[in-house]
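Structure first, then comments.
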Amino acid sequence: MLTRRLIILAALIAGAVSTESLAQTPDKLKVAISQRGFWDSSFLEFAQKEGFLKEANLDVEFFYTEGGGQTLQVVNSGSVDVAMSNGLLGAIGAFSKGAPIRAISAQMTGAHELFWYVKADSKIRSLKDAADSNTIAYSAPGSSSNLILLSLLKQAGSKAKPVATGGLPGTLTSVMTGQIDIGWAAPPFALRERQENKIVIVARAREATELVDQTIRVNIANAEALKTKRAAITRLMQVYDRSIRWAYANAKSIDYFAESAKAPRDIAKQAVDEFFPQSALQIGEIRGLEMTLRDALQYKFITTAMTPKDVEPMFDIVYKPAR
């Protein structure tokens, strides 16, 4: 009888340990992030280094792409659960064609960090100087750099020809070798070249006045992943918000950023101070949607006019921080 009781007790203890282990098993998520080495693409990396993901019981596998176009593709295919930092125009265009995606948060509101530059010996000193024979770079169709560039060209009345050039190093090479007249960049990339007078900035994203309070990038989840992993994705966005607040309050973030971007610390700090206001990184509200939909139609990301009600199913904000 005693032996039987011991067996039963051992089984109960084993079951309790098994249940406890199961409860502590982290939720796994796959995440694609646009463009490594940008301040606003670094927050999950900060969260990992500071242990925020582990505290939230998350096991996040993330990797970087060449831009929002690639992140949109992989989340659309279901290869990843979440795609960070996608141009809203491209996302709306994909959704209008039936892509199984949901915007789970804002990522960047207003145009701030991007800039366009030429070789120092170029005669171009503003977008107004660029003729229809001049080429001007952006990352990929549907990206925020695409939207911002189109807005800047329209505002300047410039007829320069937009060309998708992908990532930053390749774009800089194309500019310095004369294959592209005007390159695009996000700091700290190319700030050293500016400091050394190798390039001249001819336009800044913040000059696009119509984008001042318009959400231009969003974070996206695959629709099926959002159904099956909603709790984990919600915690991911809570960690993301926590990491943003931590980054602006803790000088260690600049050290991490400089290391990731392979930039001197002073240039990394300059990039944050000059180009990335914290207010632009609010995640709880999509702003200026009517204007975005007008842009989407004008720039042919959608084929027929759409209203905010038409795209309402695309937006599922999983976490709205208290402010």
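Where a number appears in this text, it was derived from the coordinates with a stated rule and is not lab data. Small disclaimer: the values here were computed from a predicted structure and weren't measured. Note that each Cβ is placed from the backbone with ideal geometry, even for glycine, and that neighbours are counted across all protein chains shown.
Lys and Arg at +1, Asp and Glu at -1: add these up for the other residues within a Cβ distance under 12 Å of GLN48 and post the number. Computed value for this residue: -3. The 3J(HN,Hα) values that the Karplus relation (6.51, -1.76, 1.60; θ = phi - 60°) gives for segment 131-145 are, in residue order, 9, 5, 8, 8, 9, 9, 8, 8, 6, 7, x, x, 7, 5, 5 Hz. Gly and Pro appear as x. For a straight C-alpha distance cut-off of 25 angstrom, the lysines reachable from LYS97 (same-chain residues fewer than eight places away being disregarded) are LYS30, LYS227, LYS229, LYS300, LYS309.
Taking the inverse of the mean 1/r over every pair of distinct Cα atoms in segment 51-147 gives a Kirkwood hydrodynamic radius of 16.0 Å. Relative to the globular-protein estimate of 2.2 N^0.38 Å, the Cα radius of gyration of segment 115-211 stands at 0.95.
Excluding same-chain neighbours fewer than eight residues apart, the lysines reachable from LYS269 by a Cα-Cα span under 18 Å are LYS252. Applied to segment 165-172, the Karplus parametrisation 6.51 cos²θ - 1.76 cosθ + 1.60 on θ = phi - 60° returns per-residue 3J(HN,Hα) values of 10, x, x, 6, x, x, 5, 4 Hz, with x for Gly and Pro.
Among VAL80, GLY167, ASN250, flag the residue with its Cα farthest along the positive direction of the charge dipole of the chain, charges on Cβ as +1 for Lys/Arg and -1 for Asp/Glu. Positive-end residue among those listed: VAL80.
Label zone (SER126, point 7 Å along Cα-to-C-beta; backbone nitrogen cut-off 16 Å) within segment 179-216: 201-209.
Scanning residues 5 or more positions from TYR64 or on other chains, those with amide H under 5 Å from its amide H are ILE33, with H placed 1.01 Å from N in the peptide plane. Using θ = phi - 60° in the Karplus curve 6.51 cos²θ - 1.76 cosθ + 1.60, the 3J(HN,Hα) couplings for segment 238-246 round to 5, 5, 4, 5, 4, 5, 4, 4, 4 Hz; x is entered for Gly and Pro.
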